[in-house]
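Report on the structure given below.
Read the figures in this text as sums done on the coordinates, not as results from a lab. All of these numbers come straight from a predicted model, not from anything done at the bench. Cβ placement follows ideal geometry from the backbone for every residue including glycine, while neighbour counts extend to all protein chains displayed.
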């Protein structure tokens, strides 16, 4: 009898492990592919869970240590991670090969670490460093394709900055949401409510990051329309939602310091004109926007591709800090638990960036970011208190997340010890354009 019980437990656990293995769209035994050699600092010797950084390590605002992981059976069953100065650095289940530790915010030159359910293949590691000289007292312009993207990617950075403008490019009225069954099966009513709430969130949540409403504006283009508009520049876009016809109801610009037309047609020309006017009036030193190569969402890609088109007609220079909230290879990136470190994402092909920048979030800022995300309707499971059935449905979803390891919660993915950006100088933006 005991044998059958133990065998049943083993089979259940094996099922969980196999489900977790399917969470990745890539081979976790392959080396991550990054060419960082122009930023090589030194080879680091790891001895008895200790390594020393070079004397000049504080000259760099961002540091990454390339390590090589070897096979470890436990990593298929238990979360593998390395812990440095109370911050955990997680890896995939079954991870093997070259990986990168983000040690940008390490305090001491002598680094002691612990490792759990993971093995290093050798004692040699390679250190790379970046001097970005990001001045957050200068003008910062953030492009958010949707009402939550600025907060997910850069809340900590923009709260620390002194002069921030946030532009939300689309309404985001279509697609799934956690509260859209409030009108049962009336898709139009649900979408109108979603659009209304996302517009309000885009204008107000940034107040928690010290950005006044006059510096937050929503352009109101239909969700999912930016790619279509770029391919059909002589036509007007429409919403994917039947009966959702008026984008200008959600275009909130008249209150803003940046002066734009209050009403426009949903065309690509109008979109590029908006971006051109915003850049011309703000004259930003820093632009934060999605990376068009590694972010999978079409509104993210085409927000930045439209931005590049607008920038090419203007004579100015700035730094672009590029983020991804929807990594093509894994929607669960960044890997690991809340409050842990964000390092380089899985990558097996070339994509362009000039530099890497890690912005540290102290524990108080992580708490502030949590409450900013909690203020965004789309990120909440907001209807679970309506009925016991909804509560059990939510519990079932949480259990599935645990079993499969496919936790897509933005609280888990973005309330972290740092925010990570790929830096591109404005003179090099053409290198971001892909076929």
## Note on the structure
When all Cα-Cα pair distances of the stretch 123-169 are considered, the percent exceeding 13 Å is 63
### Extended-chain gain in nm, criterion 0.36 nm per residue less alpha-carbon gap, residue 214 and residue 112
32.0 nm
### Query
Over the stretch 129-208, with a single point scatterer placed on each C-alpha, what log10 of the ratio I(q)/I(0) does the Debye formula yield at q = 0.11, 0.20, 0.23 1/Å?
-0.38, -0.87, -1.04
### Task
Calculate the tail of P(r) for the stretch 9-130: the fraction of all Cα-Cα distances greater than 17 Å, expressed in %.
59
### Query
How high is the FRET efficiency between residue 367 and residue 133 when r is their beta carbon distance and R₀ equals 30 Å, given to the nearest 0.05?
0.60
### Query
How far is it, in nm, from the label point at residue 397 to the one at residue 245 when both lie 7 Å from their Cα along the line to the Cβ?
3.3
### Query
Rounded to a whole number, what is D in µm²/s for the stretch 169-285 from Stokes-Einstein with the Kirkwood radius over alpha-carbon pairs (4 °C, 1.567 mPa s)?
86
### Message
Restricting to Cα pairs below 8 Å that are 6+ residues apart, what does the relative contact order work out to for the chain? Please round to a whole percent.
### Response
18
### Cα centroid separation, the stretch 58-80 to the stretch 143-206 (Å)
34
### Message
Rounding to the nearest 10 and keeping the result within 0 to 90°, find how far the Cα-based axis of helix 149-160 lies from the longest principal axis of the chain.
### Response
80
### Summary
Cα extents of the stretch 64-194 along the principal axes, largest first, in whole Å, come to 59, 43, 22
### Message
Given contacts defined as C-alpha pairs under 8 Å and at least six residues apart, what's the relative contact order of the stretch 9-130, whole-number percent?
### Response
39
## Note on the structure
Longest principal axis of the chain (C-alpha) makes with the long axis of helix 363-374 (C-alpha) an angle, in degrees to the nearest 10, of 50
### Message
Starting from the Kirkwood Rh over alpha-carbon pairs, what translational D in µm² s⁻¹ does the chain have by Stokes-Einstein at 20 °C and 1.002 mPa s?
### Response
93
